[in-house]
Amino acid sequence: MTVSFYTIGCRLNQAETAIIEQSFRRSGFKIVDFADPADIVVINTCTVTEKCDADTGRAVNKALRTKADAKIALIGCQAQTQKSDLFKIANVQWVVGNARKMELAEIVRQTYAAEPQLITPALRRDSFTIPVAGIDRRHTRAN
């Protein structure tokens, strides 16, 4: 199964997307460029500005022009705060908030054939660390 990734927003989102991409690769998925047809498209969202919110819709539309039956996973900040609106978008199979987005490869593996999934538990206010580093092959600076 093929997966492509698109990141909207900050360097943290870029680093997290790289880590999530690695987890998909380790789980046996084939990673393809966002411009190529993919069975699954992961869009790491941002909601700092209205432009970021609109960028999500544009990214979904672009993915569906490339492969009309692609399953879309919307993750991150906008998925956390605007889950109901995002869940209504065509082909959106997963809306996963910040608390569980790092588990996305496993979520997709377990629920690929299931009904669409809305997974946005409330965020805890504890300190956190991400136990791995991600190398984003689309950027030259470390995050």
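The values are calculated or read from the model by the stated rules, or taken from the named source; none is laboratory data. Source: prediction; values computed, not measured. All Cβ positions, even for glycine, are placed from backbone atoms using ideal geometry, and neighbour counts span all protein chains on display. Surface accessibility is based on the protein's heavy atoms, side chains included, excluding ligands, DNA and RNA. Shrake-Rupley method; radii C 1.70, N 1.55, O 1.52, S 1.80 Å.
Only protein atoms count toward the accessible area here, which uses a 1.4 Å probe; on segment 5-117, the carbon and sulfur part of that area reaches 50 percent.
The number of Lys pairs in the chain with C-alpha atoms less than 24 Å apart, excluding pairs fewer than 8 positions apart on the same chain, is 21. FRET efficiency for the R25 to A54 pair, using the beta carbon distance and R₀ = 35 Å, is estimated at 0.70. Over the residues of the chain, the helix contribution to mean residue ellipticity at 222 nm works out to -10500 deg cm²/dmol, using -39500 (n - 2.57) for each DSSP H run of at least 4. Taking 0.36 nm per residue of sequence separation and removing the Cα-Cα distance, the N91/R124 pair yields an extension gain of 8.9 nm.
Across the chain, C-alpha contacts under 8 Å between residues 6 or more apart give a mean separation that, scaled by the residue count, equals a relative contact order of 25 percent. The HN-Hα couplings worked out from phi for segment 51-65 by the Karplus form 6.51 cos²θ - 1.76 cosθ + 1.60 (θ = phi - 60°) are 4, 4, 4, 5, 4, 4, x, 5, 5, 4, 4, 5, 4, 6, 5 Hz, whole numbers, x standing for Gly and Pro.
Per residue, the solvent-accessible area of the chain (1.4 Å probe, heavy atoms of protein chains only, all protein chains present) comes to 56 Å².
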